[in-house]
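The structure appears below as structure tokens.
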Amino acid sequence: MQDFKGISANNTVTVTSYEKGGSHYVYVGGFKGIDVFSLDKAGKLTPVSTQALYKVEGPARGMVADQINGTDFLFVANKHGNAIETFKILDNGSLERVSLTMDTDETHLGTAITLQVIHMEQASYLFIGGLEETPGLSSFKIEDDGKLTHVQSMKDDEKIFTDGIIGMFTHKMKGNTYLYTGGFQDNGVSSFKVHDNGTFKNINNIGDNTTDRYLTGAYPVTGVKLGDNYYIIVGHRHHKYYKRGGFIKNPDFFYHGDGVSVFKVDKKGALVPHFVLKDDENTKLQGQTRIEIVSVNDNEAVLAVGTRDDASIQLCKLDVDGILSPINYLETGFSIYYGLRSHKIGDSHFLIAGSNRFDLKKVATYKILPKVDRSGKVLRHIVNLKYKEEATEAQVNEAVQIFLDLKNEIPEIEHIEWGVNDSKEGASKGLTHCFTLTFKDDHGREVYLFHEAHIALVNKIGPIIGDVLVMDYWAEE
């Protein structure tokens, strides 16, 4: 992790990013609004502005930034507002609303979730997928001023898998454009050919089964070209993870574990089942909600899989033959609910992640680095602080005890000790109390930082803290 910052929205639902004029910006959407940050080459976030959503509703469930005939726009699916909002991206990265497209009887924008921009030869189009009341797929022409003109809508039926389109991806092959969608509610993936005028037709559809497919609750969809091969990668958050009664339309599903599915695209643009990376004790693939392409060369791609139920980011490698294998993972300490974005600055690859947790209200950046061997070492986390002069003895004693009680709430804390400053050198900067926590690895620190008990501690004792200094280092066991 490189940095984390607070957000104004109640939680993080979607994260996207964009480069404009050599500057890099991050857009964090949740309930109520969108937070805009600048991102520097060290992975540090700096707040720029906050943009309210239509009807102060939201959440900003799907967001995509792109340039249309020289103008930079951010398109936002306002899920509960049943609308698509178009914002112009200004020179400092902040937003200005230029268009609002409401749902109608002929479109499928109700509970809008996912957006995909497709550039054709003569125009650009925004494809929109939704969930629940009015499932289906819609295409809109993007005008030069950001306004949307309806082209075609295809209502979900028993054949295609467009009920709950949470993931979409586009491949361009030999002059043809193909769109791939995941159907969360109807447990499958569909292929469409997109024509130059923005219309589209269904090519093929693949549903879940009880043997070798992992498509129940199809969620993230992405793709990559390696060599001469085109692949589509599909993850799922299985229906077994949902507790809300009535939310899953067909509760008669089969669970045979979690896995990420790889499909190969044939010459006609249709999907062909190819490979499945199955979850095991060495991977973190339970409840996949976002899959981001980190890097691609001719022979392999690196993917990041965000998980809601494993609360982790899993890195995987896809080789030219379409075989997916795990590389490494980091337990983030928070569930990822579609809020994961890959972004490159220079030679550095970053991941920006947020959580659906309403108590967290944070977005974090991560840099992908070569794996470091820290066997035989532990991580020391040192917190030096002082309390405000007006803090009472009882408040200080309570604060100390709450800190020590974290050991009972967060098992990843291997050891905790504390003491009052006794230095006579006069260089302690007025800090009076020191707490030292020991973790056995990076995972433990991440879980601690974003754990509900730690967040509650910060909120509880924050008002009486006068100053704080935190340092971490690796030490021999």
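Give the residues of segment 401-426 that are buried (at least 16 other Cβ atoms within 10 Å of the Cβ) and under 14 Å from Val458 (Cα atoms), sorted by residue number. Hits for segment 401-426 are Phe403, Leu406.
So, in segment 366-383, exactly how many residues are of a type in the set (Ser, Thr, Tyr) and farther than 21 Å from Ile413 by Cα?
The qualifying residues number 1.
Listed by first and then second residue, the pairs linking a residue in segment 340-360 that is closer than 14 Å to Leu45 by Cα to a residue that is of a type in the set (Ser, Thr, Tyr) and not in a strand (DSSP E or B), with Cβ atoms under 7 Å apart and 6 or more places separating them unless they lie on different chains, are Ala353/Thr332; Gly354/Thr12. Being at pLDDT below 95 and on the phi < 0 side of the Ramachandran plot is a property that Phe37 lacks.
Comparison of Thr177, Thr170, Thr216, Thr211 shows that the only residue that is more than 23 Å from Asp105 (Cα to Cα), hydroxyl-bearing (Ser, Thr, Tyr), at pLDDT below 95 and assigned by TED's automatic domain parsing to the domain that holds Val320 is Thr211. When segment 177-203 is filtered for residues that are farther than 19 Å from Gln286 by Cβ, touching an Asp or Glu at 6+ places or on another chain (Cβ under 9 Å) and surrounded by 16 or more Cβ atoms within 10 Å (Cβ to Cβ), the ones remaining, listed by number, are Thr177, Gly183, Gln185, Asp186, Gly188. Take segment 400-446 and flag every residue that is of a type in the set (Asp, Glu) and in contact with a Gly (Cβ under 8 Å, 6 or more places away or on another chain). Result: Glu412, Glu414, Glu446. When every residue of segment 58-69 is checked against the conditions, none turns out to be in contact (Cβ under 8 Å) with a residue 12 or more places away in the chain and over 25 Å from Tyr125 (Cα atoms).
Find all pairs meeting these conditions: Cβ atoms under 9 angstrom apart; at least six residues apart or on different chains; first residue within segment 317-329 and in the same structural domain as Val265 (by TED's automatic domain parsing) and over 14 Å from Val296 (Cα atoms); second residue of a type in the set (Gly, Ala, Ser) and surrounded by 14 or more Cβ atoms within 10 Å (Cβ to Cβ). Filtered contacts from segment 317-329: Tyr329/Ser312.
Would you point out the residue of segment 58-73, among those that are of a type in the set (D, E, K, R) and under 20 Å from the mean Cα position of the chain (by Cα), that is modelled with the lowest pLDDT?
Here the answer is Arg61.
All told, Ser138 meets the bar of being assigned by TED's automatic domain parsing to the domain that holds Thr199, among the polar types (S, T, N, Q) and out of contact with any Lys or Arg (no Cβ under 6 Å at 6 or more places or on another chain). For segment 386-394, the condition of being under 28 Å from the mean Cα position of the chain (by Cα) and either in contact (Cβ under 8 Å) with a residue 40 or more places away in the chain or under 22 Å from Gly462 (Cα atoms) (or both) holds for none of the residues. Among the residues of segment 17-32, the one identified as of a type in the set (Gly, Ala, Ser), in a strand (DSSP E or B) and buried (at least 23 other Cβ atoms within 10 Å of the Cβ) is Gly29. Can you confirm whether segment 89-103 contains a residue that is over 23 Å from Tyr219 (Cβ atoms), in contact with a helix residue (DSSP H, G or I) (Cβ under 9 Å, 6 or more places away or on another chain) and charged (D, E, K, R)? Yes, there is a match, as at least one residue in segment 89-103 is over 23 Å from Tyr219 (Cβ atoms), in contact with a helix residue (DSSP H, G or I) (Cβ under 9 Å, 6 or more places away or on another chain) and charged (D, E, K, R). Residue count for segment 30-49 under the criterion of being closer than 24 Å to Asp145 by Cβ and either free of Cβ contacts under 8 Å to residues at least 60 places away in the same chain or among the acidic types (Asp, Glu) (or both): the result is 4.
Screening Thr392 against (1) within 30 Å of Lys225 (Cβ to Cβ); (2) of a type in the set (Ser, Thr, Tyr); (3) surrounded by fewer than 23 Cβ atoms within 10 Å (Cβ to Cβ) leaves a single unmet condition, (1).
Got a number for residues in segment 75-110 being among the polar types (S, T, N, Q) and either within 22 Å of Tyr18 (Cβ to Cβ) or within 21 Å of the chain's Cα centre (by Cα) (or both)?
Of the residues in segment 75-110, 6 are among the polar types (S, T, N, Q) and either within 22 Å of Tyr18 (Cβ to Cβ) or within 21 Å of the chain's Cα centre (by Cα) (or both).
Given the structure, is Phe169 out of contact with any His (no Cβ under 9 Å at 6 or more places or on another chain), outside any strand (DSSP E or B) and aromatic (Phe, Trp, Tyr)?
Answer is no for this residue.
The set of residues in segment 147-176 being within 27 Å of Glu85 (Cβ to Cβ), of a type in the set (Gly, Ala, Ser) and surrounded by fewer than 22 Cβ atoms within 10 Å (Cβ to Cβ) consists of Ser153 alone.
Taken over segment 343-356, the criterion of being surrounded by fewer than 20 Cβ atoms within 10 Å (Cβ to Cβ) and at negative phi is satisfied by Lys344, Ile345, Asp347, Ser348, His349. Go through the residues of segment 340-357 one by one and say whether even a single one is touching a strand residue (DSSP E or B) at 6+ places or on another chain (Cβ under 6 Å) and not assigned by TED's automatic domain parsing to the domain that holds Tyr27. Within segment 340-357, not a single residue is touching a strand residue (DSSP E or B) at 6+ places or on another chain (Cβ under 6 Å) and not assigned by TED's automatic domain parsing to the domain that holds Tyr27. Of all the numbered requirements in (1) under 10 Å from Thr181 (Cα atoms); (2) at pLDDT 95 or above; (3) within 22 Å of the chain's Cα centre (by Cα), Val117 misses one, and that requirement is (1). Note on segment 214-232: residues that are outside any strand (DSSP E or B), crowded, with 21+ Cβ neighbours inside 10 Å and not hydrophobic (A, V, I, L, M, F, W, C) total 3. Is it the case, given these coordinates, that Phe161 is closer than 23 Å to Asp208 by Cβ and out of contact with any helix residue (DSSP H, G or I) (no Cβ under 9 Å at 6 or more places or on another chain)? For Phe161, the condition - closer than 23 Å to Asp208 by Cβ and out of contact with any helix residue (DSSP H, G or I) (no Cβ under 9 Å at 6 or more places or on another chain) - is met.
The values are calculated or read from the model by the stated rules, or taken from the named source; none is laboratory data. Every value quoted in this text rests on a predicted model; they were computed, and no experiment measured them. So basically every Cβ, Gly included, is an ideal-geometry build from the backbone, and we count neighbours across all protein chains shown.
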